[in-house]
Amino acid sequence: MDARAISTLLPLLSLCPSLALAQEEAPGMESEVAPEPSPGFWDRFELRRSISMEGRFESLDPELALVPERAVAPQEGRFSSAWLSADLGLRCVQDPCGGSSLVLNPRALASMERDEARDLELWLQQGYLRAILGDRLTITLGKHVLGWGPGILYSPTNRAFSETLMTTTHREVLGKWATALAISAGDSWSLSAAAVRMDSLSIASDSASYLAVSRVEYQNIGEDSLTVGVVGGVGNRYEAHAGGYAELGLGSAWTLGVEAAVSRGQVRDRGAALGGQASYEGDVGVEALANARFGLAGGGEIGVELVYNSMSLNETERAAAAQLVPLTVQALHQGQGFHPLLEGAYAVLHARLGELPPAKTMTFTASAIAAYPTGGALGHAELLCLWRNWRASASYAQAFGPSDSTLRIPVAKIGRLAVGYTF
């Protein structure tokens, strides 16, 4: 991002020549030094801004697909879109508000679908005020994202933002309205709590869905770093859940991670969730993952992860999984809650290679996901080029395996070309 300081114009101070002459004629008189001007109010702040424009061309070959950013179900075809993104930040750089910031990330989308223009879409990706009070307390108010844990595919303990987005640079996590509090207790311990609005209904809606979550984390940074966290949460439409995570760094390259959570499913009112379908009916469900990562030069890495989910769909529900997609979109809108993974186990292989030639401008990302018990698989590859203010990318994803594989949802096959420029 470009960073420009916002400052006021300070007057130039100079000594009058006649006063200087008078001082020379009176050697016993002490010279007066002009006081330094005090900083103005806006000198305490630093403005950061980045505005990006991007054009995308997408080709879909779905059995039943969702365009990820818009949550609509298009038919097979080609689609073009223009994106305008602004990332604005005002950061305080001096006491008493040093480190506090105001962030706004508005977005605009104009798209063409089967030669028909869609309505212009405007939304706020994130918008929040973060106040740092002293050395220990941070309060964040507004629409933002909360993240933790070592998961590559998703986070079992984070019911508000389970998606980790390891597959593509184009997907952004949409923030949720939340109030978050973080307290630092020494150099290693921290305590955080948040109340999150889980639905996207109007602010004054009587059907609002909320999730309260708290977390205690220990972090030891050294040659072999260690991070351990314990998480708990509950909501008016969400079952109570508890879990934890740990991440161990071995030297400068290897990182090992584990994360797990237990609950009686995601949603409290199982009769209402997804029309009474696909809601876990067991006593206690377990979801867990374990992974290993190896760091590469240029910010790259190779990672492998195994995921277990006891709250998966049964055979009957998997057969009707495609019909659940519209209900799933509705459940997200209403904050009903449902498990993000539909199968019982997953294996993930992920690789990111950065600073590739020419001139270290290229980044290649690839991932492969296999699911059990259907035996389906999903592969994804993306090549990204960053040159000065320009950005260009090409990506392709395709599902493999049997027709009843849930990895064919939300997309069976998609290709994308994109070119953008950042001001």
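With respect to (1) surrounded by fewer than 14 Cβ atoms within 10 Å (Cβ to Cβ); (2) acidic (Asp, Glu); (3) closer than 29 Å to Ala418 by Cβ; (4) touching a residue at least 12 places away in the same chain (Cβ under 8 Å), the lone exception for Glu113 is condition (1).
Within the group Ala212, Ala253, which residue is touching a residue at least 40 places away in the same chain (Cβ under 8 Å) and among the aliphatic types (A, V, I, L, M)? Even if it seems obvious, please write down each step before you answer.
Details: Ala212 fails: touching a residue at least 40 places away in the same chain (Cβ under 8 Å).
Among Ala212, Ala253, only Ala253 is touching a residue at least 40 places away in the same chain (Cβ under 8 Å) and among the aliphatic types (A, V, I, L, M).
Residue pairs whose Cβ atoms lie under 6 Å apart, separated by 6 or more positions or on different chains, with the first residue in the stretch 387-413 and of a type in the set (Ser, Thr, Tyr) and surrounded by 15 or more Cβ atoms within 10 Å (Cβ to Cβ) and the second in a helix (DSSP H, G or I) and at pLDDT below 90, are Thr406/Ala321. Considering the stretch 193-224, and only residues there that are touching a Ser or Thr at 6+ places or on another chain (Cβ under 6 Å) and among the acidic types (Asp, Glu), the residue that is surrounded by the most Cβ atoms within 10 Å (Cβ to Cβ) turns out to be Asp199. Every condition in (1) surrounded by 18 or more Cβ atoms within 10 Å (Cβ to Cβ); (2) modelled with pLDDT under 80 is met by Tyr346 except one, and the failing one is (2). Looking only at residues of the stretch 375-418 that are in contact with a Lys or Arg (Cβ under 7 Å, 6 or more places away or on another chain), of a type in the set (S, T, N, Q) and closer than 22 Å to Ala319 by Cα, we find that the one that is modelled with the lowest pLDDT is Thr406. Being of a type in the set (S, T, N, Q) and closer than 18 Å to Arg268 by Cβ is true of Ser207.
Identify all residues within the stretch 228-238 that are touching a Phe, Trp or Tyr at 6+ places or on another chain (Cβ under 9 Å) and surrounded by fewer than 20 Cβ atoms within 10 Å (Cβ to Cβ); write none if there are none. Please lay out each step first, then the result.
Of the stretch 228-238, the ones touching a Phe, Trp or Tyr at 6+ places or on another chain (Cβ under 9 Å) are 228-231, 235-238.
Correct list: Val228, Val230, Asn236.
Selection of the stretch 239-254 for residues being surrounded by 19 or more Cβ atoms within 10 Å (Cβ to Cβ) and of a type in the set (Ser, Thr, Tyr) yields only Tyr245. Can you confirm whether Pro340 is outside any strand (DSSP E or B) and either closer than 30 Å to Asp199 by Cβ or β-branched (Val, Ile, Thr) (or both)? Considered against the rule, which asks whether it is outside any strand (DSSP E or B) and either closer than 30 Å to Asp199 by Cβ or β-branched (Val, Ile, Thr) (or both), Pro340 comes out as yes. Within the stretch 374-410, being part of a strand (DSSP E or B), within 27 Å of Leu341 (Cα to Cα), out of contact with any Gly (no Cβ under 8 Å at 6 or more places or on another chain) and not aliphatic (A, V, I, L, M) holds for Gly379, His380, Glu382.
What strands (runs of 3 or more DSSP E) lie completely within the stretch 84-168 and have 1 or more residues being hydrophobic (A, V, I, L, M, F, W, C) and over 23 Å from Ala194 (Cβ atoms)? Walk me through it before giving the result.
Details: elements: 101-113, 121-133, 137-144.
Because the criterion is at least 1 residues that are hydrophobic (A, V, I, L, M, F, W, C) and over 23 Å from Ala194 (Cβ atoms), the strands (runs of 3 or more DSSP E) in the stretch 84-168 that meet it are 101-113, 121-133.
Screening Asn236 with (1) of a type outside the set (A, V, I, L, M); (2) in contact with a Leu (Cβ under 9 Å, 6 or more places away or on another chain); (3) at pLDDT 95 or above gives one miss only, at (3).
For the stretch 255-268, which positions are hydrophobic (A, V, I, L, M, F, W, C) and surrounded by fewer than 19 Cβ atoms within 10 Å (Cβ to Cβ)? Correct list: Leu256, Val258, Ala260, Val262.
The values are calculated or read from the model by the stated rules, or taken from the named source; none is laboratory data. Please read all numbers here as calculations on a predicted model, not as lab measurements. Counting neighbours? That spans all protein chains shown, and the Cβs are built from the backbone with ideal geometry, glycine included.
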